Amino acid sequence: MKVVYLHGYESIQKGKKNEYLHDHFKTYDPTIDYSEKNIFKKLYSAVKRFNPDLIIGSSMGGRFAYHIGNLINVPTLLFNPALVTKNDLVNNIEIIESHNDNHHTVVLGKNDKVVIPQDTIEYLNKHCKNHDVTVLEHKHRTSYKLFVDSISVLNEVD
């Protein structure tokens, strides 16, 4: 299986999560400078060329994964995606928005103060017909265990 992993804003790109993905899948996990001009279009083109079976995104990477997944019709696994935010940097990044019946699996942290779970749920209910949401007790950061467990559950479904 081919997997794309888009990390969050100000996240360290290399670590245990990336190692797990590289050990189990053909993986594209670029280091992303979210302040770079035209970053969305650049990532969209790269992901489209890679032709993944799944796009995983966390926070800002979840926002990108959601929209890229819609544009190329690839399912996503999103951890606390920044779909709704008051952050000017996030809102000023030009994104090609697309709403379709693409499937999104979303994992939200009930105690997240960065990405408010209820705001994300309302956004998904308004813009996305095909999504599953799980709300757990964590905050904004996604633990390695939760990350791996969530991917394992998706693999069992395939």
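The values are calculated or read from the model by the stated rules, or taken from the named source; none is laboratory data. Since this is a predicted model, take the numbers as computed values, not measurements. Counting neighbours? That spans all protein chains shown, and the Cβs are built from the backbone with ideal geometry, glycine included.
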Next item on the list: State yes or no: is Asp33 closer than 16 Å to Leu154 by Cα, surrounded by fewer than 16 Cβ atoms within 10 Å (Cβ to Cβ) and either under 17 Å from the mean Cα position of the chain (by Cα) or aromatic (Phe, Trp, Tyr) (or both)?
Entry: no
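Yes/no matrix, rows are residues, columns are (1) surrounded by fewer than 19 Cβ atoms within 10 Å (Cβ to Cβ); (2) modelled with pLDDT of 95 or more; (3) not in a helix (DSSP H, G or I):
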position	(1), (2), (3)
Lys14	yes, no, yes
Asn70	no, no, no
Asn91	yes, no, no
Glu97	yes, no, yes
Asn100	yes, no, yes
Next item on the list: Identify all residues within region 21-45 that are among the hydrophobic types (A, V, I, L, M, F, W, C), closer than 10 Å to Val4 by Cα and not in a loop (DSSP other than H, G, I, E, B); write none if there are none.
Entry: Leu21
Checklist line | Filter pass, Tyr20 being over 24 Å from Asn130 (Cα atoms) and not basic (Lys, Arg) | finding: yes
Next item on the list: Tell me, yes or no, whether region 117-140 has at least one residue that is among the hydroxyl-bearing types (Ser, Thr, Tyr), within 27 Å of Asn73 (Cα to Cα), assigned to a helix (DSSP H, G or I) and without any contact (Cβ under 8 Å) to a residue 60 or more places away in the chain.
Entry: yes
